Each structure stands twice: as C-alpha cells, then as structure tokens.
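Down below is the structure, laid out as structure tokens.
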Amino acid sequence: MQSSQKGLLYATLAFTLWGFFPFYFTQVSHIPPLEILANRIIWSALLLLFIIYLRNIWSSIGGILRHPKQKYALTLSSVFIALNWGVYIWAIDNQRIFEASLGYYINPLVNIVLGVLFLGERLRRLQWLAVLLATIGVIFQVMQLNHVPWVALCLAFSFGFYGLIHKKISEDAVPCLFLETLLLLPIALMFLGYLSTSGQGPMLWKIPDWGLLILAGPVTVIPLLLFSTGVKTVAYSIIGFLQYIVPSLLFFLAAFVYDEPFSIDQLITFLFIWTAIIFISIDAIKHSNNKAKVRNQS
C-alpha cells in the first residue's frame, strides 16, 4: 500500500473514531463531566509520556521549551482544548449531541473567518456566501429558540482557535499535546485530590469506572496519532472533506441511536449549514483544480 493510501486510511479512521466518541462518553455519563475531563487529562498525559519515551523525541519537547512564544502559545492552546473537551463531554452527558454535531459542522467555517482575521487570508466569493449562510442559520436558531446555541459555538470556536495556534507551531502533535496536558495536569490532580478528601470523586468510583476512566487516555490519544500520521501524506483539501465525517456521525447517532428530539427549527438551521458546506466544497474543488492547472502549465 502506498504512503498516500495509508495516510488516507489513517485519517479516515481518526475521524471515524472521533465521530463514535459518544459511545464511550455515554458509558461514563454517571460520572460528573469535570471528573471525566480531569481523567482525560491525566491518562492522556501519562500515555503521551510513554509514547515520547518509546519514540525518543525528547528533543522536540526541548525545542518547544526553548522558544518562549511557543510556550505561551501552548499555554493558551491548552485552555482551548480543555474547554473543547469539557463542553463536548457535557454535551454528550446532557443529550445535546445534535448541538455538538452543529458545532463541528460550523468549525470549518469558523476556521475560514479566523484565517481572514488573524492570518491575512482573503475570502473567495463562494466562501463569503458559505459564511453568510452559516451565520443566518445560527441567527435563525437564536431567534426561534430564544437562546444562543452556546454548545455548538463553543465547540466550533474553541477548536478553531486551537487549530489557529497550532498553525504557528511546527512541531509534531505528540509533544505539543503532551505539554498541553502537562500544563493542565496539576489542576486535574488538585481537583480530584480535593474531591477525594471530601469523600467524593475517586472515593465513589467502582472498579469498572476506574477501567473506563483509564481508557480516556487511549480514546484521546489514538485518533490524534492516526490523524497526525495521515495528514502528512494526504492533500489538505481531502482532509477538509474528511472532517465532515465527525459531525455526520454525531448527527446520525443523535437521531437514530440516542433518540434526541429534533425540531423543524433545528432542521432549518442544519439546512443552512449543509448548504454552506456544499458551497465550501465546490470552492475547494475549483481552487484545487485551478492550482493543478497552474502547476501543469509551469
């Protein structure tokens, strides 16, 4: 199998695993979301430390730590990823999977806007139209439901800013995520320690709970490793299409597995978002074809 085919397989598998995350988090839904988040941080940090030891990539960590800007960037990105993880866990725990899927549908559009605001990128006409349609969809939901879809917007913007920060960091994903979890580790340990002293948290977990919570490490790290391996040999335009696997699977699970209520107002919002995605996809194909023509002519 060629490296590009392997890369496509790894990336597809990563997005598929992310899409099936609700199956894991519903198994631990009887545990408060903050306790799950703390365990996700602790066990991910330990597993990443083991991977770094096996791969002997300590120099990458040293390289990051020697640059103050990268240290500050990772400190900020650790806040965004913790927020993203926490809100996602809360959404699954509170039967808000539809809204979580909306957030990950919106995320690519948020990335486009952040690129304009912070990276000096320019929007093409179809991109402008897609952003406008997505904005109308969100505004419609606010007007109909009388509340901001904060879960969707928080997931979209937290992951958008997380990705924006990582565009400025050239190091591999593993040492970066390790340092992010390492920064969050003292808070997670202190939180669980406080719960233990008051007879809560770990003191109430049963043996199966411990097993499931330890699994939070592999559940977090394995898709990331697959993605970081696959993205190196797959065109980024293809990655752009593959990322819609996640919200599509979330939408399917919410509708057909977890029987979440789905109103006509939500459907209209999703129709706006899906139409925006169609325009984004058409634009990506046209832009990719134009770049290929330019390369061939040169």
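Tabulated data for the structure shown
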quantity	calculated
Residue check for residue 112: under 19 Å from the mean Cα position of the chain (by Cα), touching a residue at least 40 places away in the same chain (Cβ under 8 Å) and not in a helix (DSSP H, G or I)	no
Answer residue from the stretch 149-186, given it is closer than 13 Å to residue 104 by Cβ and of a type in the set (A, V, I, L, M) and is surrounded by the fewest Cβ atoms within 10 Å (Cβ to Cβ) among those	153
Residues located in the stretch 115-153, provided they are touching a residue at least 60 places away in the same chain (Cβ under 8 Å), of a type in the set (S, T, N, Q) and either under 18 Å from residue 276 (Cα atoms) or touching a strand residue (DSSP E or B) at 6+ places or on another chain (Cβ under 7 Å) (or both)	127, 141
Residue list for the stretch 71-95, filter: over 25 Å from residue 174 (Cα atoms) and more than 16 Å from the chain's Cα centre (by Cα)	93, 94, 95
In the stretch 206-219, residue surrounded by the most Cβ atoms within 10 Å (Cβ to Cβ) [restricted to those that are farther than 11 Å from residue 39 by Cα and in contact with a helix residue (DSSP H, G or I) (Cβ under 7 Å, 6 or more places away or on another chain)]	219
Residue 251 out of contact with any helix residue (DSSP H, G or I) (no Cβ under 7 Å at 6 or more places or on another chain) and at pLDDT 90 or above	no
Subset of the stretch 85-109 that is of a type in the set (A, V, I, L, M, F, W, C) and either free of Cβ contacts under 8 Å to residues at least 24 places away in the same chain or under 18 Å from residue 255 (Cβ atoms) (or both) - its residue that is surrounded by the most Cβ atoms within 10 Å (Cβ to Cβ)	102
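The values are calculated or read from the model by the stated rules, or taken from the named source; none is laboratory data. Small disclaimer: the values here were computed from a predicted structure and weren't measured. Every residue, glycine as well, gets a Cβ built from its backbone with ideal geometry; the counts of neighbours run over all protein chains shown.
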